[in-house]
Every structure is written in structure tokens, then in C-alpha cells.
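Here is the structure we will look at.
No value in this document is a laboratory result; all are computed from the given coordinates. Worth saying up front: this structure is predicted, and the values here are computed from it rather than measured. Every residue, glycine among them, receives a Cβ derived from its backbone with ideal geometry; neighbour counts consider all protein chains shown.
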């Protein structure tokens, strides 16, 4: 018995050694798939991803071009809007590709700390507002004037809105003045957060399908507006400086010129990725095409970006100069 | 989960006090009823007066000053010595270590498209380590679990979570075991360290996330430190306990042979306490795992991130698959470390290794190295995406199943949610949040005094003062409402199931493994089924809290019921009492101490879960903490919410602990 056991063990030791020798003989295929040329020149490229699909579309298009045509080591980091700015100083984040306003963050990180820089507009124009589904605009035409909202408050009551009308917001990290607006315009409404963009879209979709009332925060560029043309509720018009104090806002949102913010270290590093970011420029329609592929058609963000780049090589070439 | 192992059980109620105990109980009951009555009257009269509301976007002066504190930290980050060198050094060190480990095991190591060691190599290394430490059965479990991470499509996240967990556990052991030894040796150290450990275990994990971000900024280092803080107390306490329980006779004998204290420690105490210390390591690993998932909120790498993303986009399918991976990891770690401790005990008793073990280890080690080499050269052995994808279909199936369930039982789930919300939650919330603050403070202090005496009343006064000071009175009242409702429901469940388990051995053998499994699961995972059924509401947070706190409370009540002397139960049955009378008049009253202890544990578990439920519509303090991450101008408010959560936790803990001690004394 003992000899049997030791024989088995010796045999298995032999097999182990043999397999080791055999594996040394085969060629590997990992080296063949290593990164393309230009890798040394570009190095690491960290793009922050904020939680809305339009942003994801822009980021993945830029990242795809950087990875395939510039040989960069692209890493995408899922971060909330404001948290991403902290990453500029620590080197975690190189670029925020779509910034909505945030004058306070610009003041802190660009003016005061100098860890970030403005890399210019990305070509998209951002509009935030309060919207209702199209059926409500037909049935209650005067609901599009904010002064009539209080008379419709009962329509929007839900179990989480504490007896008041519900104003549905999206991701709590989105740029929003809604809490202050509801308080300062004396509206009998409570802000309830759906939690995310998909939840918000789902809510509007079922509100239109089932003809249930819904008043909510929404924005352009957003591919959903081509599926369900939500109708905007007009708040007091925006004037310069009316949103300077976030607690005292009582006016509508401005039209945001969306821009790109980069880390100072990244801008000064001479990386070709920085030149790409500085030159990156496309329209709301372009972004909606890619965003729809990701959200509606369920495509992987990388694949959607790859497809768009393939169909629009001329525009990409203009960025690469 | 970890708290249960460490609280000393309340002494059993003596046999003959049933008739005598009724008097104080009746008086307590009457007093509580009188307080409740006065409260309702006060609410009716003064509803809406002085309720201290605070708009979501508004901040108090104190909260603004916390914002300024954060700005000061940010500005001083590169200039202040302590921040730059000490904390910055720790941060850079931890970040570098975790990045290196990730590049080795889980993330593509540029320019390689795959990690240095691919999935096959990692699998082989895990299998070999498990075989060396814990035996064949555990090896099979580990191999299957690790494969499942790859098949579910969360390979890199799973390995990242293991890296963060074990980095934290490493430092926990480095700090905790010596600290436990020091505690076992010196009473002075014990008296100093115990309250600190108490606070660390009472503090819901959410509350120290934001302060850590102040010091370490977001990323892997903050995740590791948060996990370290949460997971340290178990190993310290259990090590101290294990060393203290080494038989005094053995210690005497060793001392009398002339050993020094150091020799005593090394040759006798540590080996004999080895089994207990390994139990402590097991508890620490489980605590670290559950915290590491929450650390996704500070951008810590790991499985927590896909769960948070999926929860926030209401993608139940993905949340379920990622949650499943976490549960598999929890079971794998728990069983493996338990098996390791049993093997350590067996080897210690046997005194020698099994004969061929060393040779087997060498042979399998060579095989493992071969696997590592394969995974470095061939893509199929390195890239987990080439394996069949079970995660995608599973996520889709779960999403469809959930949609079907919510559509079909729309009426039932909505009905339950609305019944609980309009029937229990809203009235109690109105009572707490719409009454003047001075009325609620007076009522809470009176209740604290009646239940526990002047000490908890004093502590409650301080805690309520803190809550008022940080300016989050309304949010705290909403959280307190959810906590109380959830605890009441947990206690109902605990009594129902605990009595059943306590009275019937079969029920106990059937249910206990389920309860044990329930306690292994990290709390984050409970959010998934709750969200799927009830949508993003406060009720969801309550359901998740019930699922999380239920097992511990049920087990405590079951143990309490079983602890009631069978002779007494026999006597009562023989005297002609019905089953219901035996339960309500004999077993439950005599297990009162266990009931109150269950309430204490239930309250703390529920509080920490209700706070986490802020992520899925629970609102109030938990939500305020999370919004501190999301919006820069709300950071001070989030920090204040963390402080309020701690105050609430301490207040509830002290009241119920003193109430439990009182019950035990009777």
C-alpha cells in the first residue's frame, strides 16, 4: 500500500514536471495582442465617466480614438460630477469631457488651486428644465406656465411626496436647482429623486404610455426626446447672475455651453491625448446617435463608439489634425 | 454580525421571580403608556410648531463651517505636513500597493491586454493556498467559487474586492493581534481600548466615509482604511478573550516551571488560543468583506461598484448577478477560514503532519506554477471574457422575472407598501417630525429614564443635543421613525420564529443554517430584492433592514426561549396551561432579558441598514450622507449627517443596553 501511494505520487510529480516542460515549448499569443505603436508617446489616459448616457457616448468616442489611433492606455473611471474634480489634483482623472456650468468648482479648482484647466467647449449645448409628457400638454395647455403649477399640484401627489405634488428629479448628483426653486417660487411640490437617468426615462415613458401625470427634470442633449417629445414648463426666464447663490435661485436654467475640463498636469504633459481632447468637437445630434445605440439598442459603449468612428472618420481626422 | 459575538450575554432570569417581576413591569408599562398619551396630546395641540425643518438644498451655519473645514483641508493638502507627509504618505503607499496587486491579478497591465497573472494562474494559486491551509473540501469550494466569478462576468471586480479586503485584513491583524495581546495582559489597556472599540462597532459604517475622504481623498486608500476601521474590533476582542480563557491551571504550571512572560505567551497561550484567534480572524474577514462593498461609495475598487451603479439605475438583473458574486465570495471566505481553523486545531492535537502531505504540496505547487505560466502566455488562460458568459443571461432572466413579479403582484406589493407606509410609517413619522422638538426631546428622555434609569437618560440628552446642534433634526426624526418601525417588525418576526425555534428542535435544525447564511451575506446585497419588489421608497429601506437584522434577533430570542428551564415549562404544562399560555405567561417573560438584548442588537443592525437604504429611496440621514459625495456644497451637510447617525446609534444602544441589564437584574 505504501509503495502504491508513493508510486502514484512519484508518477504525478513526473507528470507535473513534464507539463511544465511542455508549456515552455509552446509559443504564447499574448505578446501578439499587446498595444499598438505610439504607446510610449501617449501613456496613461484617465477619462472620468459621469452617470448619464450622453456623457458616456462622448467619453467612449474620445477614448476609442485615443486607444486605437494614438495607442494610449485608456482607463474609464465612473465618478459623480463633483467627485471627479477632486481627482484632477491627485492624478486619478485627466479629463472631464462634458462639464455643465459648475462655476463654483471652476472657481475652486481652476482659479484657486490651479489643478484643472478649461479646454474649451465640446460643441454641445445643454438645456435643463421641467417637463411634462405630451399628453398632459394637450389636455392641460396652461400647465406649461409655472404660475399655474400650484393649481395642478393634486395631480402629482404620490406616496413619497408627503401630500404635495411630486417633482421628479434624476440622479441626485446632477446639476439641479430644483429644491431651491420649489422653495423660492412657493410651489406646493416636493422634489423626489428617481435616483438615476434610466429611472427618470422609464418614469416618463410609462407616464406617456399609461397617461399618468408626471412633472419632472429633464435635459437636452438626450436621445429620449426624439422618442417622446416632452413639453417644457416655463419658469421665470433666466437673467445673468440669477443662479449665483444656489439657495436663492428663482429662475429657469441657463443654456449651458458644455465644455471640457482637463487636469493641469495632463495639459502640460505634451501627451497626444491632450491635443485630441482640445480638438474634440461635435453636435447634440452626433451625441444622441451614439447615446441611443448604447441605451436603446443595448450596444456596449465601446462598440457603439467604434461604429460611430467608423461612420464618421472624416470628423475624427479633423480632431487628429 | 460581529457585534453579537462580543457582547456578554445578559444573565438568565432566575426561576422564581415571575410573580414579583410583574409589578415593576406593570409599572413600567403604565408609565410608558402615560408618556405616549401625553405625547399624542402634545402633538395634537402643537402640530407643526417649532419642528426645525431644513430644505434639502439649505445648510445651517454649522454645516457651512464644515464645508469651510473641507475647503481648508483641500487647500492645505500639499502644504500641511501632517496631511501631506503622514496621510499623504499612507494614501500613496496604500494606493501603490493596491494598484500593484491589481496589475498583477485583475486589471490589464499596460501594454499587456490582460493582468500579469491571468485567471487560470490566479485560480491555481488560490486552489494551492487553500489546499495547504484548509484541506481538500475547501479547495473544491474555492475553485468553484473563483470560476463562478469569471463565469458571471465580474472577474476583475471580484479580485479587486478580494485585494481590498485582504489588504485591510492584513493591517487589521498587524494592529489587532498585538493589541488583543496587550489587552489580555493589562487591565489598564483594556479599560482604555474597550470604549474605543465600542464606538467603532456602534458607528454605522456610513458615518465615517466622508471624514475619511477629507483625509485620504477618494480611491483605494480610503476604501482600505474604512474597511480597516470597521473590521478591527472583532479580532482585537476575540484575541483578548481567547488569551484570557486559556486555563489558569496550565498557566500556573508553566509559570511554576520558570517561564518568562514572553515564553509563556509564545509557547503556551498563543498556541492554545489559536483556535479562538482564528475565529477572530474569520469574523474580521467577514466584516472586512461587508465593508469593502460599501467602500464603493468612496470609489473603492471591487464588486460594490457594479452593485451601486445597478441599484441606482434600477437594473435589478445586474444588481442580482453582482450581489450573487458577493454572496458566493462571502460563503467561500467564511467556510474556508472556518475549515482552516478546524484543520489548525486538528494538526495541533495530532502534533504532526500527515505523511505524504509535503510531497503532495510540492507536486501541486509545481502544477500551480505551470498554470501561472500558461496564463502568462496564452490568451485563453488569461482573459476571463473568453469563458462562456453566464452572467449576461442570468441578469436578463432575473430582470424579466422581476418585471413579471412586479407586474403580476403589482397590487400585492404596492398594497403592502402603501399599507405599511400610510398605516405605520407616516403616522409615526408625523408624531416624531411634526411635534415640536422640545416635546420630542422631553418624551425621549422620559422613555430613556423609565426604561433604563438616569444614565441612559443623561446620554440621550447629550446625543439629542448633538443632533440639534448639527441642524438635522427633521432628517434624524425620519431615520428614527424608519428605525423604530423596522425594529418593531423585526421583534415581531423574532418572537414568532424565535419561539418556534426555541420550542421545537426540528424547526431549529431546519432554520438555523438559513439564519447563519443570512448573517454571512454583506448588507448591501439585501437592497436588491427590496428595491426590486417595492421601488425606491422608505419602505424599501425598512424591508432591507428587516432582512439584515432578522437572523441575529431570531437567534437571540430562540436561545433565550431555550434557556428557560424545562422544569418550569413542564410544571406549567402539567398545571393545565395551554400552549399559548405557556408561551405568553412563562417562556416569554422569563426570556425577557434575551428579548431586550435582541431588541438592542436589532436596533443597531436596523439603524445601519436604514441608513444604507438612503441609496434606494430611504431618504433622510442616509441620503444626506450620500448627497455629500454627490454635490460639493452639500459636503458639510453629509458630514453633519454622519455625526447625527452616530449620536442616534449611541442613544438607542445605551437605552436598550441599560434596559437589558435591568431585566437581567430582576
| remark: The equivalent-ellipsoid semi-axes of the stretch B:392-498, taken as the square roots of five times the Cα gyration tensor eigenvalues and listed largest first in whole Å, are 37, 17, 15
| Considering the alpha-carbon set of the stretch B:21-127 alone, what are its Rg and its Dmax in angstrom? | 29.2, 77
| message | Largest first and in whole Å, what are the equivalent-ellipsoid semi-axes of the stretch A:171-321 based on the Cα gyration tensor, each being the root of 5 times an eigenvalue? | response | 33, 23, 13
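Of A:139, B:347, how do they rank once you tally other Cβ atoms within 10 Å and put the fewest first? The partial results should precede the final answer.
On the way: A:139 11, B:347 14.
The most exposed by this proxy come first: A:139, B:347.
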| said: Please compute the length gained on full extension between residue A:158 and residue A:227, using 0.36 nm multiplied by the number of residues separating them and subtracting their Cα-Cα distance. | reply: 22.3 nm
| message | Once the cut-off is 13 Å, how many percent of the Cα-Cα pairs in the stretch B:237-276 end up in the long-distance tail? | response | 45 percent
| task | Using R₀ = 60 Å, calculate the FRET efficiency as 1/(1 + (r/R₀)^6) where r is the Cβ-Cβ separation of residue B:190 and residue A:188; round to 0.05. | result | 0.55
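What ranking of B:274, B:91, B:538 emerges when the number of other C-beta atoms within 10 Å of each C-beta is taken as an exposure proxy, fewest first? Let's see the in-between values first.
Values: B:274 16, B:91 21, B:538 29.
With the fewest neighbours first, B:274, B:91, B:538 line up as B:274, B:91, B:538.
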| message | For chain A, take the longest principal axis of its alpha carbons; what is the angle in degrees between that and the long axis of helix A:197-210, to the nearest 10 within 0 to 90? | response | 50 degrees
| Could you give the alpha-carbon Rg of the stretch B:529-656 over 2.2 N^0.38 Å, rounded to two decimals? | 1.44
| message | Kirkwood Rh over alpha-carbon pairs of the stretch A:211-268, then Stokes-Einstein at 10 °C and 1.306 mPa s: what D in µm² s⁻¹, rounded to an integer? | response | 106 µm²/s
| Whole-number Å³ per residue for the convex hull built on Cα positions in the stretch B:277-371 | 125 Å³
| note | Fewest-first ordering of A:265, A:46 by Cβ atoms within 10 Å yields A:265, A:46
| query | If the viscosity is 1.306 mPa s and the temperature 10 °C, what translational diffusion coefficient in µm²/s does Stokes-Einstein give for chain A when Rh comes from Kirkwood over Cα pairs? | reply | 70 µm²/s
| field | Cα centroid separation - the stretch B:106-127 against the stretch B:560-629, whole Å | value | 47 Å
| request: Measure nothing but the geometry: give the 0 to 90° angle between the long axis through the Cα atoms of A:53-69 and the longest principal axis through the Cα atoms of chain A, rounded to 10°. | output: 30 degrees
| query | Size of chain B along its principal axes in angstrom, Cα-based, largest extent first? | reply | 77, 63, 59
| message | Bins of 10 Å, beginning at zero and ending with the bin holding the largest distance: percent of Cα pairs per bin for the stretch B:493-601, please. | response | 15, 38, 29, 14, 5, 0
| field | Relative contact order [Cα under 8 Å, 6+ residues apart], chain B, whole percent | value | 23 percent
| query | Whole-Å semi-axes of the stretch B:138-232's equivalent ellipsoid, largest first, each the root of 5 times a Cα gyration tensor eigenvalue? | reply | 31, 19, 10
| Looking at the protein assembly as shown, what % of its DSSP beta bridges pair antiparallel, to the nearest 5? | 60 percent
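Averaged over peptide B:148-155, how many Cβ atoms belonging to another chain are found within 10 Å of each residue's Cβ?
Working: counts 0, 0, 0, 0, 0, 0, 0, 0.
Average per residue, whole number: 0.
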| remark: One would report the Cα pair-distance distribution of the stretch B:436-488, bin width 5 Å, in %, as 5, 20, 25, 28, 19, 3
| Against the longest principal axis of chain A, how steep is helix A:301-311, in degrees 0 to 90 to the nearest 10, with axes from Cα atoms? | 90 degrees
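Provide the percentage of antiparallel DSSP beta bridges, counting only those with both residues in chain A; round to the nearest 5.
Counting only bridges with both partners in chain A, antiparallel ones make up about 60 percent.
If you average over every viewing direction, what projected area does the convex hull of the Cα atoms of the protein assembly as shown give, in nm²?
On the way: hull surface 185.3 nm².
Average projection, Cα convex hull of the protein assembly as shown: 46.3 nm².
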| task | Would you kindly calculate the translational diffusion coefficient of the stretch A:114-203, applying Stokes-Einstein with the Kirkwood radius from alpha carbon pairs, for 10 °C and a viscosity of 1.306 mPa s, and quote it in µm² s⁻¹ without decimals? | result | 106 µm²/s
